[in-house]
Structure formats: C-alpha cells, structure tokens
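Read-outs: derived from the displayed coordinates by stated rules, not from any lab. Predicted model, so just to flag it, every value in this text is computed and none were measured. Backbone-built Cβ (ideal geometry, glycine too); neighbour counts: all protein chains shown.
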Amino acid sequence: MTDRYRAQIDGFELDVETIDDSIEKAIARHEYPYRDGAALQDMGQRARRIRLRCWWIEERYEGHYGFVEHLKSRELFELSHPKYGLMTGAVEAVHVRHDDRQQTAAVDIEFIQDMASQEQPAPARDVTAAVEESFISGQDELMESFSAQAADALGADAAEVLAAELDPDLGIVEQFAGVGTTVRTWLKSVESFVGTVQAEAIGVTNPANSIIAAIDYGAALPGRVIGAVARAFERHAILNESLKTAPDRYLENLKNALDDLADAAGDFAGITRGSGAARMAAEAAAIFADDEQQRNRQRSRENAAGAFDVEGNYLSPDTPAAVLTVRELELSLATVRAELQAAIDADRTLQSAKDMARELLEHVMVVKLERDRLVRIALDNPMPLHLVCLMRGLPYAYAERIYAVNAIAHPNFTEGEIDVYVR
C-alpha cells in the first residue's frame with residue numbers, strides 16, 4: 001500500500017504518494033566461449049528513480065496547471081521528501097489525469113536524483129587562523145605559568161619581582177637592587193636562561209610582520225622571558241624554511257631544536273616545550289593551509305571544461321604544485337601532536353596546546369574526509385594511473401589526487417588494491 005504524505009518541489013506544496021522507488025545496479029557481465037555462466041563486475045549504482053503521484057483536489061485543483069508548467073523547466077528541481085530528505089534532480093516524465101467535474105487532478109512524475117549536486121564538499125576550515133588564535137592565547141598562558149613558577153620559587157617576594165617594569169636594554173639582575181639572596185639566585189638562573197635562548201640562531205633576524213611582532217609581551221619579567229623564547233623558535237623556523245617542501249623533515253628539524261633547547265633550559269624546560277610546540281603547530285597550520293590551496297587549484301583544473309579551444313588547439317593548463325600525500329600529512333600531524341602532548345604533560349594548564357592539537361587533527365580529517373567518496377578496487381594487472389581514471393570515468397587530472405591518497409611506487413605500473421574517487 002502506498003504512503004500518503006506532504007512533500008514539496010521548488011516551493012509547490014504537494015499531497016503525494018510514492019508509487020515506486022527504484023535503485024538499480026550497473027552490473028557488467030563478462031561471458032566467455034565454452035564456459036557456462038558469466039563473471040560479474042559491480043560498476044556501481046544507476047540513477048535513483050522515484051515515481052510520485054501528486055493530488056490536486058477541490059480548492060487546490062487549479063494549482064496543478066502552474067505546477068505542470070513549472071516542470072517544463074530544464075533546470076534541476078529540489079524535492080523535499082519527508083522520508084528521504086532534500087534531493088536534487090530532474091523530472092523525466094509527467095502524466096496528468098484530471099476531472100474538471102470533480103475538481104480532481106492526479107499528476108504522476110518520475111523524479112531522477114542527480115548525484116553530482118548531492119555531493120556535499122567538506123567545509124573549508126581556516127586552520128591557520130584557528131591555530132594562530134590559540135598560539136596568541138598560549139603566550140598568555142605561558143606567562144601565567146612562568147608567574148606561577150616564580151611564586152613557587154620565591155614565595156611572597158614573587159609579587160614584587162613580577163610586577164616590576166624592566167628596561168629591555170639592561171640585564172635582568174641589575175634591575176633588582178636590594179633583593180635577598182634567594183631572589184637574586186633565581187633571577188640569575190632566569191637571566192642565564194634568557195641569554196641561552198637569545199643566542200639561538202642569532203644570525204637570523206626576526207621579521208617585523210610576524211605573529212610574534214603583533215603580541216604585546218609587556219615590560220614585566222614574564223613577558224621578557226616568554227618573548228625571548230618565542231623569538232628563538234621563530235628564528236629556527238626561518239632558518240629551516242627551505243625545507244617546507246618536505247614538511248615531515250622541516251618539522252623534525254624544529255623538534256630537534258626544541259629538544260636541544262629544552263635540555264639546556266633546566267628549571268624552565270616546561271615553558272620551553274610549551275613555546276616550541278606552539279611554534280611547531282603554527283608552522284604546521286601554515287603548511288596545511290598552503291596544501292589546501294594547492295588542492296583547490298587541482299579541483300579547479302579537474303573541473304575545467306576542456307583542454308582544447310574551438311579550433312582544436314591544445315590549451316596547456318597551469319600545473320599546480322604537488323599536494324601532500326596522506327602519509328606526509330599524517331607524519332607531520334603525528335610529529336606536532338607528540339610535541340604538543342609533551343608540552344601538556346609538562347604543564348596541564350596549557351589549554352591552547354590542546355586546542356591547537358584538535359584544530360590540526362580536524363583539518364587533516366577534513367582533508368581525508370573525501371574517503372567517503374573513495375572506493376577500494378583491485379586491479380587485475382599493472383596499468384598506468386591515467387588508465388585507471390579512464391576505467392572509473394574520471395578526468396585524467398584525477399591521477400594526481402589518486403596518487404596522493406595511495407602508496408603507489410610506480411604510477412605507470414599501478415597494481416594491487418588502491419583507493420579511487422567516485423563521482
């Protein structure tokens with residue numbers, strides 16, 4: 001028995017019943033001489049077809065004329081189905097039966113769902129902005145952590161030490177006259193630590209337009225210490241900038257610099273790890289954002305109308321830079337998250353480190369979210385990756401994206417099981 005319900009097509013309110021809902025598979029049959037039966041290959045689903053009967057009765061009877069006229073449009077229609085949700089597609093056939101005397105019309109339509117318009121692209125995330133926001137708040141957290149460490153070491157004398165405004169051109173100890181031995185000894189250790197970090201990559205100049213330049217560290221002791229550490233890691237990032245094309249190696253170099261500086265930091269190893277991990281997260285976010293731009297260029301190239309003009313001349317499209325493979329994304333993410341976790345273990349109050357770890361993870365998962373549009377296929381024999389695209393009905397430009405999500409040693413001799421996109 002058919003179901004009666006309310007539905008809607010492009011703003012037309014409908015009293016409908018579903019007559020038929022068909023989902024067919026495209027099955028390729030490979031038959032061989034002198035052999036019974038056939039080898040079957042599932043090529044995916046055919047277009048989904050829904051047959052609806054729309055009733056126009058009594059005072060709504062005249063409305064069916066406008067509805068039928070609207071269905072003559074060549075545009076795609078939106079069907080709001082109470083059970084299947086919102087679907088976009090075309091109406092292939094319309095059958096109208098009406099009775100003017102009883103003010104009744106039954107309009108049968110065959111609705112075909114359009115799969116391309118149903119694809120929901122993963123929401124774009126501005127990972128750089130999100131991580132930089134956490135980075136800035138993390139600098140405040142590190143200054144608070146330093147203040148808490150000072151309070152533990154100095155007791156009641158910490159308030160006076162932390163509130164004093166310092167001259168950036170003078171040393172730290174010389175600006176505190178008349179303090180006790182305990183305070184002076186602690187200040188000497190702070191000054192020694194600051195001198196160590198300031199000597200790191202001293203040949204590199206901190207840029208005036210960097211994110212650190214926009215942060216107000218203040219004139220107090222916490223800002224002087226945390227600012228010096230942040231600038232030291234920024235110089236290391238600039239020093240290794242030529243390695244950004246190999247992000248796993250680039251981040252590994254930053255990790256090594258972080259480990260070396262943390263080992264030399266003594267009592268201040270915790271804030272050193274927190275600052276270094278935050279810098280690594282910011283650098284990883286910039287790498288991931290640039291990679292997403294390259295992916296968008298690839299998508300634009302894949303969706304281009306054609307590679308030939310009206311006269312048949314070949315139009316050579318711009319070749320976008322290679323995108324990061326899944327392995328490179330995961331290795332980079334693992335390296336940064338490991339350092340963020342080490343920073344959190346050293347100081348559980350660093351909420352910013354947790355936020356940066358989450359933002360980076362969510363971005364990578366969004367990039368990999370297209371796995372719901374991936375299917376795993378087995379190739380019977382080695383073949384070029386472009387031929388695989390042809391077999392699956394994909395533009396040849398998809399070869400680069402398929403290569404990026406698989407561990408393919410030789411693209412001209414692709415074999416075994418691989419993941420390919422479904423359009």
By the mean-Cβ-within-10 Å protection proxy, highest first, 74-80, 99-105, 339-345, 28-34 rank as 339-345, 74-80, 99-105, 28-34
Rounded to 10°, Cα long-axis angle of helix 127-154 versus longest principal axis of the chain: 30 degrees
Choose one of Ala257, Ala177, Tyr398: the residue whose Cα lies farthest towards the positive end of the charge dipole of the chain (beta-carbon charges +1 Lys, Arg; -1 Asp, Glu; about the Cα centre). Tyr398
Choose one answer from Phe67, Phe413, Phe268: the residue with the largest mean-square fluctuation in a GNM of the chain with alpha-carbon springs under 10 Å. Phe67
Distance in nm between label sites at Asp380 and Asp260, each 7 Å beyond Cα in the beta-carbon direction? 5.7 nm
I'd like the distance separating the alpha-carbon centroids of the stretch 18-39 and the stretch 40-103, in whole Å. 29 Å
Everything considered on the Cα gyration tensor (a ≥ b ≥ c; rounded for a/c under 1.5, else prolate if a/b is larger than b/c, else oblate), the stretch 372-421 must be described as rounded
Treat every Asp and Glu Cβ in the stretch 372-421 as -1 and every Lys and Arg Cβ as +1, leave all other atoms uncharged, and give the resulting dipole magnitude about the Cα centre to the nearest 20 debye. 140 debye
Shape verdict for the stretch 1-154, please, from the Cα gyration tensor: rounded (a/c under 1.5), prolate (a/b greater than b/c) or oblate. oblate
With r defined as the distance between the Cβ atoms of Ile211 and Glu92 and R0 fixed at 45 Å, what FRET efficiency is calculated, to the nearest 0.05? 0.20
Suppose the chain between Leu162 and Asp15 were pulled fully straight at 0.36 nm per residue; how much longer would it get relative to their current alpha carbon spacing? 45.6 nm
Between Glu24 and Thr245, what's the calculated FRET efficiency when r is the beta-carbon distance and R0 is 56 Å? Round to 0.05. 0.75
Amide H neighbours of Gly218 under 5 Å, at least 5 residues apart or on other chains, H built in the peptide plane: list them. none
In the neighborhood of Leu350, defined by Cβ-to-Cβ distances under 15 Å, what is the net charge if each Lys or Arg adds +1 and each Asp or Glu adds -1? -3
Rg/Rh for the stretch 101-238, where both radii come from Cα atoms and Rh is the Kirkwood radius: 1.48
Just want to confirm a number: the relative contact order over the chain, from Cα pairs under 8 angstrom separated by 6+ residues, in percent. 12 percent
Under the rule rounded for a/c under 1.5, else prolate if a/b exceeds b/c, else oblate, using alpha carbon gyration tensor axes a ≥ b ≥ c, the chain is classed as prolate
If I build a Gaussian network model for the chain, linking alpha-carbon pairs within less than 10 angstrom, which residue out of His70, His386, His363 has the largest mean-square fluctuation? His70
Scalar couplings 3J(HN,Hα) for the stretch 52-68 by Karplus 6.51 cos²θ - 1.76 cosθ + 1.60 (θ = phi - 60°), nearest whole Hz, x for Gly and Pro, are 10, 10, 9, 9, 10, 10, 6, 5, 8, 4, 5, x, 6, 5, x, 5, 5
Taking only DSSP H segments of four or more residues, each worth -39500 (n - 2.57), what value at 222 nm results for the chain once the sum is divided by all its residues, to the nearest 500 deg cm²/dmol? -14500 deg cm²/dmol
Pseudo-spin-label distance Met365 to Gln8, built 7 Å along Cα→Cβ, given in nm, is 3.2 nm
Quick one: what are the phi-derived ³J(HN,Hα) couplings along the stretch 279-289, Karplus 6.51/-1.76/1.60 with θ = phi - 60°, whole Hz, x for glycine and proline? 5, 4, 5, 5, 5, 5, 4, 5, 5, 5, 5
Just name one of Leu333, Ala164, Leu221: the one whose Cα is farthest towards the positive end of the charge dipole of the chain (beta-carbon charges, Lys/Arg +1, Asp/Glu -1). Leu333
Tell me, what ³J(HN,Hα) does each residue in the stretch 208-213 have, in order and in whole Hz, if you take phi through Karplus 6.51 cos²θ - 1.76 cosθ + 1.60 with θ = phi - 60° and put x for Gly and Pro? 6, 9, 7, 5, 5, 5
Check: the chain dipole with +1 on Lys, Arg Cβ and -1 on Asp, Glu Cβ, in debye: 1140 debye
Calculate, for Ser189 and Ala151, the FRET efficiency according to 1/(1 + (r/R0)^6) with r their C-beta to C-beta distance and R0 22 Å; round to the nearest 0.05. 0.90
Count charges around Ala93 for me, please; just the other residues with Cβ under 14 Å from its Cβ, Lys/Arg as +1, Asp/Glu as -1. +1
If you fit an axis through the alpha-carbon atoms of helix 351-367 and take the longest principal axis of the Cα set of the chain, what angle between them do you get, 0 to 90°, nearest 10? 30 degrees
What is the gain in length, in nm to one decimal, between Arg74 and Asp108 on full extension, counting 0.36 nm per residue of separation less the C-alpha to C-alpha distance? 10.4 nm
Measuring from the longest principal axis of the C-alpha atoms of the chain, the long axis of helix 221-239 (C-alpha) lies at a number of degrees, nearest 10, equal to 60 degrees
